[in-house]
Structure formats: structure tokens, C-alpha cells
Amino acid sequence: MKLLMIFVITLSVVIAPKAFATTPENIRCAGVRLAPSLDEKRDRHVADRRGKFVPVVMVHGWTGTSTHDDQRRGAFSHRIDLSTNQLVTMKPSRSMIGQLQRIPGAAVFTFDYHNHSARWVDDPHIGPALGESIDCLFKATGEKAIVVAHSMGGLATRYALSTGDRAKKVSTVITFGTPNTGSLFALLGDGALAIGAAVNKQLAVLRMILAVCGKLATGKLDTGTPCDILPAPMRALDSEAGRALRAGSRQLDELKPFPAGVKVDALAGDAVFTTLRLGWFHLRWDGRIPLGDLIVTSDSAVDGASQTKKASCAYQLNPIRGGTDLIGLSLGLTAKNDVAQPITSVAGACYHSNLMRTVELTNEATGMVNEDIESRQPATKVVNVVAVDKNGNPAKGYTVTDDGWTVDCSPPQPYPSPSSVGRNIVQCGAHADAADVCWTKPDRVTLLCGGDPWVKTLTVYRASREVPAVPAAKDPEPWGLELDNGLKCRIRDGGAWSGRSDNLVGAYHCAPGTDVVLVAQKQGAETIDKSTRAWTVLIGVLDDKSTGSPPPTKVMVRTAYFAGSP
């Protein structure tokens, strides 16, 4: 699962007010900007269920930018339009930033160090500035930040978290193609490239690809291939950052790993080139050459991570087809041999600068951010109501009403109470009897039945026959629900209820008011969504309309009550 989170870079810290900022628009931290909404027209950010906002910081990489505007040139601003599944037709609507902005409680900020991105991460404008921004955001919101970083931005985050107590101010880091152990592409700046290409399969294949880029660019500067992204990195190959990014560099060796308390989700491109009987330089290759995202190998990108996800792509360099490939010709290694498919096939989901456009990876990152924010929300409290003691008598605080009522418990009754999590709590009789949560006394005939979990009153029923022992319900449903909006809802016990035009039916009746908890009218439908720590239900009215019932509302369950045994 799922990925990299908040990157905040600041040139200087603007003092935040002592009280936490009520909205992201009120936050003033130097070095970061609140990302505007480009994908949807929204008047305001939506707080989480606590009424709070979690800063999510987007940090770009080497020679990149995080600026989020209508031109969509930022690393996280392009619409998500790529997939590793070639059968999928993408219909892009949102960017990585836009997708994160839809998460309640997420306040997305961008940090941009483009003018200094050819320098190493210890430059005051990069790692140290990012650290100061994290400090400021933490002070302004009272919430740990989530950092989402691309490429060298992940290394800048490592540097920022290596000083002070910042590990306590960041919960999750999500990285896209971060060269933790160095960049394959950066090695092209090495003066010994010719020797390296002769002995390193990955560099040889990469150099072949670059040779074709030169041919393609001669005819058209914008080729629609990875070649279009090469000029800026090529210019920076011999910069301070370019040299530091080479595998085995002193700077990489000195860079501390992410702190143990920070969750790191590393996302990587995993492009594999298949070669057939390729034997240049007297090499006999194994036929499968992994190039990662063509800039960073997948092993480098996932090194040291808590969890990882790779976008996998497969390409061929085919030496069998004759006379159609320019790669071998460009290198002078072979003539009239087809050694590769057209380079245009490489422009896809696994390329370094495209990772934030790849749906498999962006979904992972979105899931990680949502999971982090969700983990901060109050969890639904589960209460097991035990209304009797071990002797079957009313528990302390309960009163008993005995009006001489009887209930038919003839076979196949009794059933386990639908809300029971303990033995010998039964349901008997007709729905009108309202005897669906009943504790059996030791005489096996007397039942003490509860009306709802909030009222400590038990009603005595006498069964028509001795009640056998019963187990707990196999899949118990709560006896009662307290919702976040103040409603108290009791599980339905039969009877005729009105319907709705959308085929949702009532499962719990709520008070005060006319709302009910709704569930889909199909076998196996779940009334309560328990997929997160905070359970949720759908509520609405039963209006008997054939069309046009108002849509239901999702509400958090604050407390769920079950019936337990002593």
C-alpha cells in the first residue's frame, strides 16, 4: 500500500499565531504556498471530522518545480492520464494535487526550490528551508505534516528530518522515484562513460536510447517521447546536485536515512527492456535489463522504505528485425540490424517525470494520505451492554417492569439476538412483542428484555416453554448507534416501514426526527461501513416516493452498542 506525503520548504519562518489557524488560508509560512484548486471550483477547504487540517507538502525534484497553476507545469499538476495497463483508456480529470485536495482535512501546500535545484540538498534554500517550513506548519496547525516528494525532493526531505526534532512533526513521507542510493542517469556525467558503457548493461541500453533521442530531435524538437524531458537534466549533469546524485557519492553516503518513526511509502517506475542475443562489446546479456524509470533504478527508489509500490512496464530492444532501428546504427555497433522498437513506445507510465501521472501510483499515494488523516480521527467506540449479573439478576442501576407478559418461544425459536456478542441472549416471539434483546434467567423460562441500550429498564417476559441455551449471533449488528450528528438509532425489529425511490430501506429508526439508517435492499448488503476506524452509515427519510427521494447523508458512528453476557 499505499504513500509519500507532506513536503514543506521555507526560506524563512513566518511566526504563526499562538492559536491554531482555523483555515488553511490563514496559514502564513515562508517557503510554501497553499495550492489553488484547478480541478474543481471550491469556495473553501473541508476540515476533517475533528474540524482540523493536516498539512500535505508537495516537494519537486532535480530541475523540477512544484508551482501549481493553470499552465500545469508543476511536478504534481499534470492530470493523471497514464496507466501501466495498456487496455485502460484514461479519462483524466484531476491532478495529483487535485486528488489530494478532495480528501477532507487535507491542506495541500507546495514548496518550490527550482532556481536552486542544481545544488545539493544541504543548500540553505533546500533541505534547511524545507525543515523550517515543516516547523512552521506544525506550529500553525498542531498537526504532523505529510510530505509527498518527487526525485531529489525525497532526499531534501531526508535532510530536513535529520536535524532537530522534526521527526516528531512529520507522520508520513511518500516518494516518487527518489534516488536513495544514486541515479542511473547521473552517471552519464561521469568522464568514464565509455568504459562504463562497455561493462554496464544498464548504461549501455540507456546510451542507446539517448542516441535515438538525438535522431528524433533533429526532425522535431518535441517528439512526444521521454527525449523531450532530457535537456534540463542533461544541462545539470555536472552540477553540484548532478555529481552528488551519482551512486557512491560522498554526499549520498553522508545523508542520514529517514527517522525510524516516520512511515515511508516509496513509489517507483520499473521498466524492463528485453534484448535478444545482444552481444556488443563481447557481452552476452541475460535478455532482461531493468532500467527503473530510466533516471532512477527501482532498487534505488525503494531503498529504506517502510512499504513500496512499483509501476511495471515492459519494452523490447530486438536485434532480429533488420534495417529499421536507428539505435545500433547511431552507436556504430551494428548495421542494418533491428535492435529495438521505436523509442516512442517508452513514453509511458514508468518514466521518471511521468510517475505522478500514473494512476496506479497516484492512487497509492492518495490512499496513503487518506489513511494517515483517517488514523487521526476519533474511532467508533464499541460498548457491550451487560444488563444482568452472573446470577441472571438485573445489573446494578437497572430497574425491572413486570406486567405479566408472555412470549412464544416455540421452535425453531429462540434465535440468538441479532445484537448479541455473548451467550444466552435471545430473540423470541413476534415482532410486535419487541423481545429481540432478552437475557435468559437461570430458570430458562424468565426473560429480561431491553428496549434500547440507553435506558436501564428491563421488561419481564415469560416464555411459553423452556428456553434452550443459544450462542452469540454469528454476525452481530449493533443494538443501538449514537451518530456524530446527535441522533440515537435503534435496530429495526420488523414491522412495515415505508420505502424510497432508490431502493434503500430502513435498518435503524432514529430519534429525534424522522431520519432512519438506510441499507441497500439486497442480500449481503452492509448497513455499517466498518472499513475505517470511524464507522459510518447512510441516513435519510422514508418518503414512499417512486422517484426523487432525497439522497442519503453519510454520518459517522460515534458509539455502537451490542448486548453482552456477564
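Residues of the range 521-566 that are at pLDDT below 95, assigned to a strand (DSSP E or B) and of a type in the set (A, V, I, L, M): Val555, Met556. Number of residues in the range 70-111 that are part of a loop (DSSP other than H, G, I, E, B), among the hydrophobic types (A, V, I, L, M, F, W, C) and under 17 Å from Val57 (Cα atoms) equals 3. Checking each residue in the range 133-151 for being assigned to a loop (DSSP other than H, G, I, E, B) and surrounded by fewer than 24 Cβ atoms within 10 Å (Cβ to Cβ) picks out Gly142, Glu143, Lys144. Report yes if Ile134 is within 20 Å of Ser353 (Cα to Cα) and β-branched (Val, Ile, Thr), otherwise no. In short, no. Of the residues making up the range 54-63, those that are surrounded by 24 or more Cβ atoms within 10 Å (Cβ to Cβ) and part of a loop (DSSP other than H, G, I, E, B) are His60, Gly61, Trp62. In the range 377-477, counting only strands (runs of 3 or more DSSP E) that sit wholly within it, the ones holding 1 or more residues that are modelled with pLDDT of 95 or more and within 41 Å of the chain's Cα centre (by Cα) span 381-385, 425-427. Among the residues making up the range 295-317, those that are closer than 21 Å to Arg357 by Cα, surrounded by 22 or more Cβ atoms within 10 Å (Cβ to Cβ) and of a type in the set (Gly, Ala, Ser) are Ser298, Ser300, Ala301, Ala311.
Answer yes if at least one residue in the range 263-280 is more than 25 Å from Lys169 (Cβ to Cβ), in contact with a Phe, Trp or Tyr (Cβ under 6 Å, 6 or more places away or on another chain) and modelled with pLDDT of 75 or more, and no otherwise. For the range 263-280, residues more than 25 Å from Lys169 (Cβ to Cβ), in contact with a Phe, Trp or Tyr (Cβ under 6 Å, 6 or more places away or on another chain) and modelled with pLDDT of 75 or more: present. Scanning the range 544-563 for residues that are loosely packed, with under 12 Cβ neighbours inside 10 Å and of a type in the set (Lys, Arg) gives a single hit, Lys554.
Does Gly164 satisfy the criteria of being more than 21 Å from the chain's Cα centre (by Cα) and either at pLDDT 95 or above or not assigned by TED's automatic domain parsing to the domain that holds Asn363 (or both)? So Gly164 does not fit the description; no.
The values are calculated or read from the model by the stated rules, or taken from the named source; none is laboratory data. All values derive from a computational prediction rather than experimental measurement. Every residue, glycine among them, receives a Cβ derived from its backbone with ideal geometry; neighbour counts consider all protein chains shown.
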